[in-house]
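The values are calculated or read from the model by the stated rules, or taken from the named source; none is laboratory data. Not measured: the values here are computed from a predicted model. Cβ placement follows ideal geometry from the backbone for every residue including glycine, while neighbour counts extend to all protein chains displayed. Calculation scope for accessible area: heavy atoms of the full protein, side chains included, ligands and nucleic acids excluded. Shrake-Rupley method; radii C 1.70, N 1.55, O 1.52, S 1.80 Å.
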Amino acid sequence: AALNDGLRSQVSAALKEGRVAPTELCQRCLALIKSTKFLNAYITVAEETAMKQAEESEERYKRGQPLGILDGIPVAVKDNFNTAGIETTCASNMLKGYISPYNATVVQKLLDQGAVLLGKTNLDEFAMGSGSTDGVFGPVRNPWSYSKQYKEKSVPKSDSEESDWVITGGSSGGSAAAVSSFTCFAALGSDTGGSTRNPAAHCGVVGLKPTYGLISRHGLIPLVNSMDVPGILTRCVDDAAVLLGSLAGHDPKDSTTIQDDFEPFELPNLTDVSKLSIGIPKEYHAPGLSSEILALWSKAADLFKNAGAKVVEVSLPHTRYSIVCYHVLCTAEVASNMARFDGLEYGHRSDMKDSTESMYAATRREGFNDVVRGRILSGNYFLLKQNYEKYFVKAQKVRRLIANDFVKVFRSGVDILLTPTTLSDAAPYTEFIQEDNRTRSTQDDILTQAANMAGLPAINVPTALSERGLPVGLQFIGRSFQEKQLLTVAKWFEKQVQFPMIQLEEVKRHDSGVFQHQKSASFS
């Protein structure tokens, strides 16, 4: 229950009242990062920088001049956001050792609010994947693999406990694992086709993908410019609203951001849902959807219905083309974006000196993994002169039809769409790697990427534990720039379902003091 009190009422209040100091909070988080190192959630831990920021925060609290709710709050950032003075790798050999001269706008906004940056989190290489298993620093392990809930229900498939752990989902798996394991209070991810919501569902945390253009992309190393959105991962919906309030708004460095100022809001406690109309898109009953998640989806719809909301089945007819359309547009933009990594200005450069062309080729062969190279090849194929109209232009037209489907549904009076976030709970790592990245991404993005193509806000809310004792989440999709309504409904739902807290037995054994403190602390 204390966890759901959130940042505003819990930790920020404790800091203001002097019951806990920013340096103490930072030290405990850093200690917990060390004791959960086996999760591989972080690529870089900026211990010295974090402690310096915490000390500065402490001075501000002593003077009675905190910068805001986030002052002194430990956060983590996915390693595809530029951070001045801290290595930014995108989990790739191409950028190993690269230190950006500037902060991404979202990182700067966090620091301006006094947040303490603990480090950079693990991901799939250049955010291309849905498991957080394909980065050069190794796969991220789901904290729920080591939870009491999972261990009580899972039957070990081998004598070695090592092989029974499950994936976090991706590509923001490091950020999701960091929040889920209590090593930070909030984390930034990126969301191009579901990369924040997917790991949030698998790790039992809240994952918010805001409306395209609401939060600046400046300093987020691009994957697909027309779909990328910085994502927010927290332990409760209220905390996601706090982060959104700190990050949203116009940025002169990103021409795609909204022109108006964004007014931060505090979420009301919704008591009456009778005026709400909840849409259930029939196309989201997708092939491969587990019976368990289908039952949960149905149960959630009944929950709204029984509380007085209007629940209607709706149709988004072009959904069945969306994953193919997404693949064409995604790879085309990837091919364009990856062209900047040529070994000349920054990043890895090959020792090949035969010619400029051979140096380019060798640099990219050595720097990128097979997944990235495969997407570059596909994208360039779709962009060839003879294929451009047939694939790229046609995909853009289909994208417009997909976006129009959502417009029609919302115009019909529906306020919020309720869908599954993932097809099933988290897969064991050994099972997940049996299939290639493209096949897995196609399956795992099927329920999430349409919101990116339409530019709509969407949020994963942890809902229940599966029969295996693993988290399952449901997704709410809202109207453009109607984050307040979306988050208010998500908060109401979160309160109804009362998702259980992870019981990290392994961490408890190693560091009971740290765990006890973190268990009761969330930042709003």
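Structure summary
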| item | result |
| --- | --- |
| Hits in the range 200-214 - residues which are of a type in the set (G, A, S) and open to solvent by less than 10 Å² (accessible area, probe 1.4 Å) | A200, A201, G207, G213 |
| Total residues in the range 286-307, condition open to solvent by 40 Å² or more (accessible area, probe 1.4 Å) and out of contact with any Pro (no Cβ under 9 Å at 6 or more places or on another chain) | 12 |
| Criterion: of a type in the set (A, V, I, L, M, F, W, C), surrounded by fewer than 24 Cβ atoms within 10 Å (Cβ to Cβ) and closer than 16 Å to L220 by Cβ - qualifying residue of L188, L111 | L111 |
| Residue check for T271: closer than 20 Å to D415 by Cα, open to solvent by 10 Å² or more (accessible area, probe 1.4 Å) and free of Cβ contacts under 8 Å to residues at least 60 places away in the same chain | yes |
| Residue in the range 121-134 that is out of contact with any helix residue (DSSP H, G or I) (no Cβ under 6 Å at 6 or more places or on another chain), surrounded by fewer than 24 Cβ atoms within 10 Å (Cβ to Cβ) and either free of Cβ contacts under 8 Å to residues at least 24 places away in the same chain or not polar (S, T, N, Q) (or both) present | no |
| Q516 open to solvent by 30 Å² or more (accessible area, probe 1.4 Å) and modelled with pLDDT of 95 or more | no |
| Residues that are modelled with pLDDT of 95 or more and either open to solvent by less than 20 Å² (accessible area, probe 1.4 Å) or not β-branched (V, I, T) (or both), drawn from the range 94-104 | M94, L95, Y98, S100, P101, Y102, N103, A104 |
| Number of positions in the range 17-37 that are over 22 Å from the mean Cα position of the chain (by Cα) and aliphatic (A, V, I, L, M) | 4 |
| Members of the range 388-429 that are surrounded by fewer than 15 Cβ atoms within 10 Å (Cβ to Cβ), touching a helix residue (DSSP H, G or I) at 6+ places or on another chain (Cβ under 9 Å) and more than 30 Å from E313 (Cβ to Cβ) | Y388, K390 |
| When residues of the range 439-459 are limited to those that are surrounded by 24 or more Cβ atoms within 10 Å (Cβ to Cβ) and among the polar types (S, T, N, Q), the one farthest from S226 (Cα to Cα) | S441 |
| Out of R197, R217, sole residue that is open to solvent by 10 Å² or more (accessible area, probe 1.4 Å) and closer than 30 Å to Q443 by Cα | R217 |
| Residue in the range 88-109 that is of a type outside the set (K, R), under 25 Å from T439 (Cα atoms) and not in a loop (DSSP other than H, G, I, E, B) present | yes |
| Test: residue in the range 243-255 that is of a type in the set (A, V, I, L, M) and closer than 24 Å to P143 by Cα | yes |
| Residue in the range 316-338 that is touching a Pro at 6+ places or on another chain (Cβ under 6 Å), under 29 Å from S412 (Cα atoms), in a strand (DSSP E or B) and aliphatic (A, V, I, L, M) present | no |
| Matching residues, the range 249-265, being in contact with a helix residue (DSSP H, G or I) (Cβ under 7 Å, 6 or more places away or on another chain) and under 24 Å from D238 (Cβ atoms) | P264, F265 |
| The one condition in (1) at pLDDT 95 or above; (2) in contact with a Ser or Thr (Cβ under 8 Å, 6 or more places away or on another chain) that Q53 fails to fulfil | (2) |
| The lone exception for V372 - which of (1) part of a helix (DSSP H, G or I); (2) under 21 Å from the mean Cα position of the chain (by Cα); (3) modelled with pLDDT under 95; (4) not charged (D, E, K, R) it fails | (3) |
| Looking only at the range 344-357, and only at residues there that are under 18 Å from N93 (Cβ atoms), without any contact (Cβ under 8 Å) to a residue 60 or more places away in the chain and not charged (D, E, K, R), the one that is surrounded by the fewest Cβ atoms within 10 Å (Cβ to Cβ) | L344 |
| Given (1) within 22 Å of L247 (Cα to Cα); (2) surrounded by fewer than 24 Cβ atoms within 10 Å (Cβ to Cβ), number of the condition T183 does not satisfy | (2) |
| Elements of type helices (runs of 4 or more DSSP H) contained in the range 1-86, each with 3 or more residues being of a type in the set (S, T, N, Q) and buried (at least 20 other Cβ atoms within 10 Å of the Cβ) | none |
| Residue match in the range 424-437 (condition: among the aliphatic types (A, V, I, L, M) and closer than 19 Å to T196 by Cα) | yes |
